[in-house]
Amino acid sequence: MSAAQLKRREFLALSAAGTGALVLGHHVPATAQDGSETLEFNPFVRIAPDDTVTLILHKPENGQGAVTTLCMLLAEELDCDWQRLQWEFAPVARVYGFPLQGTFGSLGVRTSWQPLREAGAKARVMLQSAAAQRWGVDIAQTRTENGRVHRVGSTDSFSYGELALEAAQLPVPETVALKSPDQYRLIGKPTPRRDTLAKITGTARYGIDVRMPDIAFAVLERCPVFGGRVASFDDSRTRAFPGVIDVVQVGRGIAVLATNTWAAMEGRKLLDIQWDLGPNASLSSERIREMQRELLQHSGAVARSEGDVEAAFANAAQKVAVTYEVPYLAHTTMEPPNTAVRLDEQGCEVWSGTQIPGICHSSAVAAAGLEAEQVKVNTLFIGGGFGSRGGGNVYTEAVEIAMVTGRPVNLLYTREDDIQQDRYRPCSMVNLEAALDAEGWPVALRGRVSCQYFQALQNGLDREAVAGLADNDYAIGAQHFEYVPLELDVPTNFWRSVGASQNVYFMESFLDELAAAGGKDPVELRLHLLRDAPRLRRVLEIAAERAGWNTPAVPGRHRGVACVSCFGSHNAQVVEVSVDQGRVRVHKVTCVVDCGQAVNPLTVRQQMEGGIVYGLTAALRGEISLADGRVQQSNFHDYDALRIDEMPEIDVFIVPSEDPNPGGIGETSTPAIAPAVVNAVFAATGVRVRRLPLEKHLPTLLAESQQQDSHAINSGGTIHA
Amino acid sequence: MATITFTLNGQPRTVEAEPQMPLLWVLRDILNLTGTKYGCGMALCGACTVHIDGNPVRSCRTEIGFVAGRSVTTVEGLGTPDALHPVQRAWLELDVPQCGYCQSGQQMSAAALLARNPKPTDADIDAAMRNNICRCGTYQSIRAAIHRAAEIQALAMDAMAPAEEGRV
């Protein structure tokens with residue numbers, strides 16, 4: 001790209017966004033793959049004389065379908081030739097969302113919905129204006145279709161490429177009219193993914209695949225106890241290992257660099273490191289649970305308070321009080337964390353499959369001690385994100401290693417590093433209480449959450465730590481929720497659906513308990529309480545009908561239900577399970593979602609399925625535990641994922657929505673699966689599982705329950721139905 | 001260091017490597033064939049699955065010394081964009097991948113299954129594919145795609161059958 005073109009990029013970006021369009025990095029992006037001139041219409045669209053249209057993709061692709069869905073948004077308004085539409089990852093720039101440029105919070109489509117359709121429409125108007133000028137007619141005498149501008153009432157037409165040079169010089173329209181839903185050609189239609197071919201032929205490039213001359217493959221040995229440091233080390237055996245190039249100390253530990261990854265891993269095993277373990281060397285999961293139980297004795301920051309809770313409890317016909325808890329979870333993306341870095345006299349170039357290139361950039365700037373303009377971030381395909389690839393230490397570590405060695409490096413976390421040095425979904429413990437009236441309806445809800453925070457506290461409160469609980473949609477007159485922060489050095493992070501990943505389990509399982517206590521059907525109770533939440537109510541009704549809630553299940557199978565509104569969408573799930581000797585098998589999940597305008601129903605379905613599998617894995621067996629300050633799990637043998645032979649049939653139904661705008665889909669289906677399964681297990685066994693994961697705690701609970709039953713029989717009591 | 005010669009995607013290759021070095025890292029770091037992925041290093045997740053003499057193996061736990069004289073196929077040798085393997089065609093038709101990282105291994109396991117069992121049942125698929133983890137949860141699509149690949153493969157064989165007979 002020439003300097004003049006870069007200036008034009010900045011100018012156009014500035015005029016389009018009005019917020020400044022600093023493109024960060026000393027390496028400007030390539031203009032066209034063949035080096036030919038292309039014309040920039042705005043920060044999101046380039047059109048080449050050969051008719052190639054390129055979307056500058058400002059949301060990373062971590063499997064959620066951003067490539068395809070964002071191409072659809074642009075193409076819908078641009079009317080370009082779908083087959084000739086190309087895309088490339090955007091550089092880091094304010095116009096693309098810097099400093100938080102990235103994909104998180106199930107916001108990708110929601111925050112691209114307006115800007116990308118406008119970008120397409122504005123470029124289209126400029127092309128139509130250029131054609132109108134050539135023909136000497138009013139723009140109203142032109143129309144567009146499939147990458148061409150046609151003159152109304154004639155066979156004359158120009159391709160977008162033929163018009164690009166003139167059109168790009170025209171003023172960018174201030175405002176444009178966007179299509180109404182009945183005019184959509186692409187939006188709302190299941191559309192094949194544009195990244196599939198690369199991903200099935202092994203050519204899709206992930207961060208782990210970055211290669212360059214003289215690159216060193218690096219692994220880093222970090223202190224097994226959070227917050228610990230290197231006291232001293234001996235690397236003589238490591239350096240003798242064939243292939244090892246260098247051993248360097250950086251902030252978080254000792255890095256081994258080698259000509260191949262295996263030599264780096266093997267060399268690292270030969271390091272002799274004395275650690276200063278720091279203050280967390282005796283931390284354990286049991287100690288943390290003691291701390292949580294203690295914290296729950298104290299009042300905390302109020303997350304919600306409405307109605308006269310005290311009076312409702314004083315007048316209750318029945319009260320239910322229970323404690324729920326969930327453990328820490330790791331993310332275990334299939335591609336473990338990694339980042340490649342090259343430093344030269346111009347600055348620092350970083351390659352990473354990062355969910356938030358903006359944070360990757362800021363981390364590299366801080367670690368390298370360079371100006372923002374001297375650091376360039378290259379975004380690559382992400383081999384699974386789930387919240388793990390936002391911030392994190394890997395960018396800083398990789399830059400530090402490259403700075404010490406002076407070589408380009410690709411730093412890889414082994415699977416063991418990934419599981420033991422992740423930033424975790426925090427564990428949480430909650431006390432929940434409810435008051436029921438004489439008819440068995442809940443009239444008051446009270447809860448207190450003890451959990452580390454996902455993000456900085458505001459007035460003592462982390463909204464995520466109570467999300468899915470304190471913000472429930474149920475019309476229960478009196479509700480009071482408090483949050484008591486748990487202060488620990490265990491690193492925490494967002495994890496697919498964040499706070500809802502745990503709180504919806506608490507809320508929806510507890511609600512099931514209230515249904516049982518009040519003699520209500522679980523669906524009936526929810527429908528009654530969702531009278532002020534029509535969209536959630538509707539998906540629940542549809543899910544119950546599709547799953548045959550009011551008809552008997554296949555003998556041996558039992559149903560459970562859960563629902564939640566989150567990330568701007570509404571989701572209900574009905575599951576069918578069987579329980580055999582404490583072993584839970586999920587046979588079927590009926591998943592109904594109202595996500596507003598579904599832009600690409602194909603990727604909506606994929607995300608619903610994927611979110612359920614992710615949540616189900618955690619519900620069944622996900623647990624990171626600590627002993628002696630160390631994470632006890634290390635690989636898939638003790639932190640396993642759901643496998644194909646355990647995969648339930650998932651029936652996804654996307655409700656035609658009255659909302660013309662899209663809701664989030666990436667995280668929407670994760671929260672409800674755990675409570676739906678736990679509720680089905682209750683239906684199957686009469687045992688309520690108030691602590692996850694299921695596979696660990698259910699057998700114990702079943703054994704206790706059987707003991708109680710036999711005790712009841714022996715003492716002449718009644719058998720629990 | 002040892003000099004090891006083997007067949008890679010139909011071509012003879014010679015590498016200089018420690019004999020204990022896993023095939024995975026020879027492929028990725030010496031030969032720059034990065035389609036085969038690292039996932040666990042313990043043969044637990046299947047991301048590194050390749051074929052050795054037609055059998056699916058975990059390249060992360062296969063020493064290069066063992067590979068000498070054998071024939072290795074990776075995803076790069078399974079098919080090309082112009083001539084996709086039936087498994088790849090089915091994967092494309094059904095848009096199986098999400099993040100895509102595990103899919104090389106998934107396809108290599110599926111291709112090996114179809115080579116020995118042209119019409120697998122769901123139970124056959126479960127048994128053959130349970131060692132391949134997908135954290136994106138594409139299992140339902142994988143199962144459907146294997147059934148579809150079996151159809152594609154059968155159609156291709158039917159198309160070839162008259163020619164075979166003609167030769168006799």
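Each reported figure results from applying straightforward, stated rules to the coordinates on display, with no laboratory input. Computed from a predicted structure; not experimentally measured. As a convention, Cβ positions derive from the backbone with ideal geometry for all residues, glycine included, and neighbour counts pool all protein chains shown.
Counting only the backbone N, which residues of region A:616-646 are under 17 Å from the spot 7 Å out from the Cα of A:Ser282 toward its beta-carbon?
Under cut-off, by backbone N: A:626-630.
Using unit Cβ charges (K, R positive; D, E negative) and no other charged atoms, how large, in debye to the nearest 20, is the dipole of the protein assembly as shown about its Cα centre?
The calculated dipole for the protein assembly as shown is roughly 500 debye.
Residues of region A:461-502 with backbone nitrogen within less than 19 Å of a virtual label 7 Å along the Cα-to-Cβ line of A:Asp659, please, listed as ranges.
Once the point is set 7 Å along Cα→Cβ of A:Asp659, A:464, A:467-475, A:497-501 turn out to lie under 19 Å by backbone N, inside region A:461-502.
Which residues among region A:438-454 fall inside the zone where the amide N is under 20 Å from a point 7 Å beyond the Cα of A:Ala317, along Cα→Cβ?
A:438-446
Efficiency by 1/(1 + (r/R0)^6): what FRET value for A:Glu704 and A:Asp521, r their Cβ-Cβ distance, R0 = 35 Å, to the nearest 0.05? Mind dumping the intermediate values first?
Values: r = 27 Å, r/R0 = 0.77.
Approximately 0.85, to the nearest 0.05.
Points 7 angstrom from Cα along the Cβ direction at A:Asp272 and A:His587: gap in nanometres?
According to this spin-label approximation, the distance is 6.1 nm.
Once every DSSP H run of n ≥ 4 in chain B is given -39500 (n - 2.57) and the sum is divided by its residues, what mean residue ellipticity at 222 nm do you get, rounded to the nearest 500 deg cm²/dmol?
Computed ellipticity for chain B at 222 nm equals -12000 deg cm²/dmol.
Just need the relative contact order of chain B here, percent rounded to a whole number, with Cα pairs under 8 Å and 6+ apart.
Contact order relative to length: 22 percent.
For region A:363-446, state what percent of all Cα-Cα pairs lands in each successive 5 Å bin, counting from 0 Å until the bin that includes the largest distance.
2, 10, 14, 17, 12, 9, 5, 5, 5, 6, 5, 4, 3, 1, 0
Can you give the FRET efficiency to the nearest 0.05 for A:Thr111 and A:Thr551, using r as the Cβ-Cβ distance and R₀ = 60 Å?
The value I calculate is 0.90.
Please report the projected area of region B:14-86's Cα convex hull averaged over all directions, in nm².
5.1 nm²
Using the Cα centre of the protein assembly as shown as origin and beta-carbon charges of +1 (Lys, Arg) and -1 (Asp, Glu), tell me which of A:Ala562, B:Cys99, A:Val523 is placed farthest towards the positive end of the dipole.
B:Cys99
Share of antiparallel DSSP beta bridges in chain A, in percent to the nearest 5? Let's see the in-between values first.
Numbers: 89 of 119 bridges.
Of all bridge pairs located within chain A, approximately 75 percent are antiparallel.
Label points 7 Å out from Cα along the Cβ direction at A:Ala177 and A:Arg143: separation in nm?
1.4 nm
Using only the alpha carbons of region A:116-213, determine the length spanned along each of the three principal axes and report them from longest to shortest in whole angstroms.
54, 38, 29
Do any GluC sites (Glu not before Pro) in region A:417-512 lie in a loop, going by DSSP, with at most 14 other beta-carbon atoms within 10 Å of their beta carbon, and if so which? Kindly include the intermediate steps, with their values, before the conclusion.
Values: sites: A:Glu433, A:Glu439, A:Glu464, A:Glu482, A:Glu487, A:Glu508; in loops: A:Glu439, A:Glu487.
Sites meeting the loop and neighbour criteria: A:Glu439, A:Glu487.
Count, for each residue of A:207-213, the Cβ atoms from other chains sitting within 10 Å of its Cβ, then give me the mean as a whole number.
2
For the protein assembly as shown, rounded, prolate or oblate, judged on the Cα gyration tensor with a ≥ b ≥ c (square roots of eigenvalues), a/c < 1.5 rounded, else prolate if a/b > b/c?
Here the protein assembly as shown falls in the rounded category.
Across the residues of A:330-340, average count of Cβ atoms on other protein chains within 10 Å?
Values: counts 0, 1, 5, 5, 17, 9, 6, 0, 1, 0, 0.
Mean inter-chain Cβ contacts per residue within 10 Å come to 4.
Rounded to the nearest 500, what is the 222 nm mean residue ellipticity of chain A from helices alone, with -39500 (n - 2.57) per DSSP H run of 4+ residues and division by all residues? Please list the in-between numbers first.
Numbers: 19 runs with 233 residues, N = 721.
After summing the helix terms and dividing by the residues of chain A, the value is -10000 deg cm²/dmol.
Going toward the positive end of the dipole of chain A, with +1 on Lys and Arg Cβ and -1 on Asp and Glu Cβ, which of A:Trp87, A:Asn550, A:Pro99 do you reach last?
Farthest towards the positive end: A:Trp87.
Taking 20 °C and 1.002 mPa s as the conditions, I'd like the Stokes-Einstein D for chain B in µm²/s, using the Kirkwood hydrodynamic radius from alpha carbon pairs. If you can, show how the numbers build up before the last one.
Values: Rh = 16.5 Å.
In µm²/s, the coefficient is 130.
Can you say what percent of the DSSP beta bridges in region A:578-721, counting only those with both residues inside, are antiparallel? Round to 5.
Given both bridge residues lie in region A:578-721, the antiparallel proportion sits at roughly 50 percent.
Can you compute the FRET efficiency between A:Asp234 and A:His711 using 1/(1 + (r/R0)^6), with r the Cβ-Cβ distance and R0 = 51 Å? Round to the nearest 0.05.
0.25
Taking the dipole about the Cα centre of chain A, with the C-beta of Lys and Arg at +1 and of Asp and Glu at -1, give me whichever of A:Asn661, A:Val677, A:Ala231 is farthest to the positive side.
Working it through, the farthest residue towards the positive pole turns out to be A:Asn661.
With an 8 Å cut-off on Cα pairs and a minimum separation of 6 or more residues, tell me the relative contact order of chain A in percent.
RCO, chain A: 14 percent.
Across peptide B:39-51, what mean number of C-beta atoms from other chains lies inside 10 Å of a residue's C-beta? Mind dumping the intermediate values first?
Numbers: counts 10, 12, 8, 7, 2, 8, 8, 3, 3, 0, 0, 0, 0.
Per residue, the number of nearby Cβ atoms from other chains is 5 on average.
Along its three principal axes, how long is region A:309-454 when you only count alpha carbons? Whole Å, largest extent first please.
76, 31, 24
Hey, what did region A:502-597 get for relative contact order, percent, Cα under 8 Å, at least 6 apart?
Reported relative contact order: 23 percent.
In the structure displayed, which of A:Lys189/B:Lys119; A:Lys59/A:Lys189; A:Lys189/A:Lys520; A:Lys59/B:Lys119; A:Lys588/A:Lys696; A:Lys199/A:Lys376 lie more than 30 Å apart, Cα to Cα?
Details: A:Lys189/B:Lys119 32 Å; A:Lys59/A:Lys189 21 Å; A:Lys189/A:Lys520 40 Å; A:Lys59/B:Lys119 40 Å; A:Lys588/A:Lys696 22 Å; A:Lys199/A:Lys376 25 Å.
From A:Lys189/B:Lys119; A:Lys59/A:Lys189; A:Lys189/A:Lys520; A:Lys59/B:Lys119; A:Lys588/A:Lys696; A:Lys199/A:Lys376, over 30 Å: A:Lys189/B:Lys119; A:Lys189/A:Lys520; A:Lys59/B:Lys119.
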